[in-house]
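The values are calculated or read from the model by the stated rules, or taken from the named source; none is laboratory data. What you see is a predicted model; the values in this text were computed from it and never measured. Cβ sites come from the backbone with ideal geometry, for glycine too, and all protein chains shown count toward neighbours.
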Amino acid sequence: MSNMQAVSGTSEATDVEAYDVVVVGAGFAGMYMLHRLRRLGLSVRVYEQGGGVGGTWYWNRYPGARCDVESMQYSYSFSDELQQEWDWSERYAPQAEILKYANHVADRFNLRDDIQFNVRVEQAVFDAGTNAWQVAISGGKTTIAKYIVLATGCLSNARVPDIKGLSDFKGEVYHTGHWPHEKIDFTGKRVGVIGTGSSAIQSVPVIAAQARHLTVFQRTANFSIPARNAALTSEERAAIRTNYPEIRRVAREEARNGIYTDLPDRGALEDGDNARRAKYEERWRRGGLTFMSAYNNLVVDQAANDTAADFVRAKIAEIVKDPHTAKLLQPHNHPIGSKRICIDTDYFATFNRPNVSLVDLTSDPIEEILPHAVRTVAKEYEVDALVLATGFDAMTGSVAKIDIVGRHGQTLNRKWAEGPKTYLGLMSAGFPNLFIVTGPGSPSVLSNMIVSIEQHVDWIADCIAHMRARGFEAMEANKEAEDKWVAHVNEVAHTTLYPQANSWYMGANIPGKPQVFMPYIGGVGAYRRICDEVAAKGYEGFAMTAAEQSRAAAAS
Ligand code: NAP
């Protein structure tokens, strides 16, 4: 298919670009999707809202931003040369280095030619007559594509809270997920941070080191494990590189969350108190997300979970000197791990600094923002700058911003009004040839995102190759297969403790959003096997139609 077609029929012939595939987003998913599709010989256009590649790492430039999965694992595995040659400087690379890596990948694989930056996809409308999508982008242009792949990211639609008076605040306001490109210096300033999720937990220690005073406004205390970040030695890098085949295999096939670690062989209550404490101590010393892999039942058994939660609460009490502050920082309203566990560098110890204070919003909620202060029910806190670490409209937010119109004029937003419905997280019935990377219904945010991204992109590329080789024009999830999958995702979630938390996994952070557990919790290995089996059975649960069939169906 050529890239440019003259479409006539109006008084003036309009130039409309046409591609085999439009990919939305040039983060890690969009970049790899482009790479794979190009190798199939397809014409591809990637539209990216930002001014550069990197997705989440392009936008999240807040102080202290770094990955919470070790960089030697949070990196592409599709090119052995790339993984052997790229030198990660630290165990958890800072945002700037991850962005540099994304740019390196874009250059190395010559991706930029097919990416258009600073462009928003506004609308995508399926035309059943041609089995193609008409994609309207910012600036008023329309592109036609046979396939559309949403690589829009799960945490890219920043949520600005609806707090009275916020727009009248006269100081600086920043959202962690939309941080300015220039360096922000808080030296000498009184700063307020609203929120205590991962973004706040990473930024609070760094802001505290600069600011005259930092006030942290906490609604929900969070569990956090020390990152134990450190420079990587060349010996450590070499050891991982040598073992990459096995590390990547275990991450893909065996570890539920796509992270290589020594996998647990027993439940927490099978060990006695001393052995269990020793195990948690060892994981705490080691640091990182794999704390939750100490035992195999921490997210399914409340009593087991309590032992890990108690351990972390005791650690908080040990670290934080003021007992009242320590108590406020100890989470009590959700099982450990049921909200994305945070990892930090000196977060709890930061509350020992004389220039840092904690406000508990559960007992003293924010009433309004004044021009120079945050006013709670009890008190006014003067601030020069406000940092909103208030999260994202996760998983569905960036998809919902695009007006996606499928068969018979049905919009995806209307279809998902009660919660997202997908088959395997990859497609939604009624929206042919539209794929979603790491969408709701897939492990995505419960996993090392790059492992899940590579799996989805490979599956989608293989699927498109399959269709082209057999002359299929359109592919669509069957409604029955989708209903069964949605029920399965839900059922598996409810065998765990996850739904007990008011988390963004449940959509609970967005007022009015349906409360449905969105990601698939069955684990990346099990999920991969299901997707592979579906493909091996000729894409079971999907309908594929040849050109003539679909035209006949559209006409009837
Ligand atoms: P988040 O986990 O959703 O946390 C948002 C915080 O803001 C919560 O503490 C929330 O309180 C609070 N909040 C929201 N609205 C509020 C309001 N109106 N008043 C007071 N407090 C309010 O968002 P996040 O920290 O940006 O993290 C989101 C996800 O991004 C993480 O879970 C993680 O998956 C990813 N992330 C990863 C990294 C990394 O790789 N290192 C770093 C940052 C983020 P409630 O809990 O009470 O709602």
When every residue in segment 401-446 that is of a type in the set (Ser, Thr, Tyr) and either at pLDDT 95 or above or surrounded by fewer than 24 Cβ atoms within 10 Å (Cβ to Cβ) (or both) is compared, the one farthest from Ala526 (Cα to Cα) is Thr411
Residues to consider are Asn222, Asn157; find the one that is modelled with pLDDT under 95, more than 30 Å from Gln84 (Cβ to Cβ) and in contact with a helix residue (DSSP H, G or I) (Cβ under 9 Å, 6 or more places away or on another chain). Asn157
Gly177 vs. criteria of a type in the set (Gly, Ala, Ser) and over 27 Å from Phe348 (Cα atoms): no
For residues that are farther than 20 Å from Ile201 by Cβ, touching a residue at least 12 places away in the same chain (Cβ under 8 Å) and of a type in the set (A, V, I, L, M, F, W, C), tally how many sit in segment 277-297. 1
Listed by range, strands (runs of 3 or more DSSP E) wholly within segment 174-274 having at least 1 residues that are over 15 Å from Leu388 (Cα atoms) and within 12 Å of the ligand (Cβ to nearest atom) are 224-226
With respect to Tyr19, is the statement that it is over 16 Å from the mean Cα position of the chain (by Cα), closer than 16 Å to Leu434 by Cα, modelled with pLDDT of 95 or more and surrounded by 23 or more Cβ atoms within 10 Å (Cβ to Cβ) true? yes
Please indicate, with yes or no, whether at least one residue in segment 381-389 is among the charged types (D, E, K, R), surrounded by fewer than 18 Cβ atoms within 10 Å (Cβ to Cβ), farther than 27 Å from Gly153 by Cβ and within 13 Å of the ligand (Cβ to nearest atom). no
Given (1) of a type outside the set (Gly, Ala, Ser); (2) within 16 Å of the ligand (Cβ to nearest atom); (3) crowded, with 23+ Cβ neighbours inside 10 Å, Asn502 misses just (3)
Could you check how many residues of segment 468-514 are over 22 Å from Ala304 (Cβ atoms), part of a loop (DSSP other than H, G, I, E, B) and touching a helix residue (DSSP H, G or I) at 6+ places or on another chain (Cβ under 8 Å)? 2
Across segment 344-356, what is the total count of residues that are surrounded by 15 or more Cβ atoms within 10 Å (Cβ to Cβ) and either touching a Pro at 6+ places or on another chain (Cβ under 7 Å) or more than 26 Å from Arg285 (Cα to Cα) (or both)? 6
Restricting to segment 90-105, name every residue that is buried (at least 20 other Cβ atoms within 10 Å of the Cβ) and over 19 Å from the mean Cα position of the chain (by Cα). Val105
Residue in segment 452-474 that is in contact (Cβ under 8 Å) with a residue 12 or more places away in the chain, hydroxyl-bearing (Ser, Thr, Tyr) and in contact with a Lys or Arg (Cβ under 8 Å, 6 or more places away or on another chain) present: no
Is it the case, given these coordinates, that Ile115 is more than 16 Å from the ligand (Cβ to nearest atom) and within 25 Å of Ser442 (Cβ to Cβ)? yes
Can you find, within segment 136-172, the residue that is farthest from the ligand (Cβ to nearest atom) among those that are polar (S, T, N, Q) and closer than 30 Å to Ser428 by Cα? Thr142
For segment 393-411: of the residues being part of a helix (DSSP H, G or I) and in contact with a strand residue (DSSP E or B) (Cβ under 7 Å, 6 or more places away or on another chain), which is farthest from the ligand (Cβ to nearest atom)? Arg407
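Condition check ((1) farther than 28 Å from Phe28 by Cα; (2) aliphatic (A, V, I, L, M)) across all residues:
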{"position": "Trp459", "(1), (2)": "no, no"}
{"position": "His466", "(1), (2)": "no, no"}
{"position": "Ala481", "(1), (2)": "yes, yes"}
{"position": "Val486", "(1), (2)": "no, yes"}
{"position": "Val489", "(1), (2)": "no, yes"}
{"position": "Gly512", "(1), (2)": "yes, no"}
{"position": "Phe517", "(1), (2)": "no, no"}
{"position": "Val524", "(1), (2)": "no, yes"}
{"position": "Tyr527", "(1), (2)": "no, no"}
Report those helices (runs of 4 or more DSSP H) wholly inside segment 44-151 carrying at least 2 residues which are basic (Lys, Arg). 95-108
Can you confirm whether Ala535 is more than 18 Å from the chain's Cα centre (by Cα), more than 15 Å from Lys421 (Cβ to Cβ) and small (Gly, Ala, Ser)? yes
Identify, please: which residue in segment 445-464 is in contact with a Leu (Cβ under 8 Å, 6 or more places away or on another chain) and of a type in the set (A, V, I, L, M) and is, among those, farthest from Ser338 (Cα to Cα)? Ile464
